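Undergrad: Below is a structure I'd like to ask you about.
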Amino acid sequence: MTSSFWEDIYQNVLAGGRVEGILEPSRALLLFDTKAGDVYHLYIRTDKAWANHVGMDI
């Protein structure tokens, strides 16, 4: 089962994370996670077509 961009963020906020900023309206989000040792996570929402092109380039 795959989860969506917003479900992942919601679950991390429930676990104690804190949203620090939203970049490019609703396309990227910076989340601060104290349980992981004061770590920042960057979530980027992408279209599948774009992700496929990056995968091919790698």
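Undergrad: Failed condition for Thr46, given (1) surrounded by 12 or more Cβ atoms within 10 Å (Cβ to Cβ); (2) at pLDDT 75 or above, with all others met?
TA: Answer for Thr46: the failing condition is (2).
Undergrad: So which residues in segment 16-31 are open to solvent by less than 50 Å² (accessible area, probe 1.4 Å) and either assigned to a loop (DSSP other than H, G, I, E, B) or modelled with pLDDT under 85 (or both), if there are any at all?
TA: Gly16, Gly17, Ala28, Leu29, Leu31
The values are calculated or read from the model by the stated rules, or taken from the named source; none is laboratory data. All figures in this text were calculated on a predicted structure; none of them were measured in a lab. Note: ideal-geometry Cβ built from the backbone for every residue, glycine included; neighbour counts use all protein chains shown. What goes into the accessible areas is simple: the full protein's heavy atoms, side chains included, and nothing from ligands, DNA or RNA. Shrake-Rupley method; radii C 1.70, N 1.55, O 1.52, S 1.80 Å.
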